[in-house]
1. Inside the stretch 64-97, can you point out the residues that are surrounded by 11 or more Cβ atoms within 10 Å (Cβ to Cβ), of a type in the set (Gly, Ala, Ser) and either over 15 Å from the mean Cα position of the chain (by Cα) or at pLDDT 80 or above (or both)?
2. Going through the stretch 39-60 one residue at a time, which ones are assigned to a helix (DSSP H, G or I) and either aliphatic (A, V, I, L, M) or touching a Ser or Thr at 6+ places or on another chain (Cβ under 7 Å) (or both)?
3. Among the candidates 42, 29, which residue alone is at pLDDT 90 or above and in contact with a helix residue (DSSP H, G or I) (Cβ under 8 Å, 6 or more places away or on another chain)?
4. Which residues, taken from the stretch 23-38, are hydroxyl-bearing (Ser, Thr, Tyr) and in a helix (DSSP H, G or I)?
Amino acid sequence: MTLNTYYIRCMLPLPLLGEQIARRRKELGLSQSALAKKARVGLSTLDALENARLGELGFTKITNILSALGLELKLQEASARRPTLDELMKEEELSDKGLDRRR
């Protein structure tokens, strides 16, 4: 099981969170319906989150979904400096996606 760790400065974009939730759900062999029921959220909400069609989602729903997947949020002090190019490149390598979307 591999779960990518992302170091996002200031705010975690909801579409990225949805992508990670979908990846974890599939790793666990859960359907969207099964996860929605286990997390006590609507199927349409989960589908919209995983497919980047959701503008906002409350803290309780996010933590319910993460908990149902065996995940948790981690808070840490925000870095006052901007990331270096090397840090950004390493983060990009972890996500296995390059800037060139034609690959």
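1. 67, 68, 79
2. Of everything in the stretch 39-60, those that are assigned to a helix (DSSP H, G or I) and either aliphatic (A, V, I, L, M) or touching a Ser or Thr at 6+ places or on another chain (Cβ under 7 Å) (or both) turn out to be 39, 43, 46, 48, 49.
3. Criteria check complete, one pass: 42.
4. The one that is hydroxyl-bearing (Ser, Thr, Tyr) and in a helix (DSSP H, G or I): 33.
The values are calculated or read from the model by the stated rules, or taken from the named source; none is laboratory data. Since the structure is predicted, the reported quantities are computational estimates derived from the model, not experimental observations. Glycine also receives a Cβ, built like all others from the backbone with ideal geometry; neighbour counts cover every protein chain displayed.
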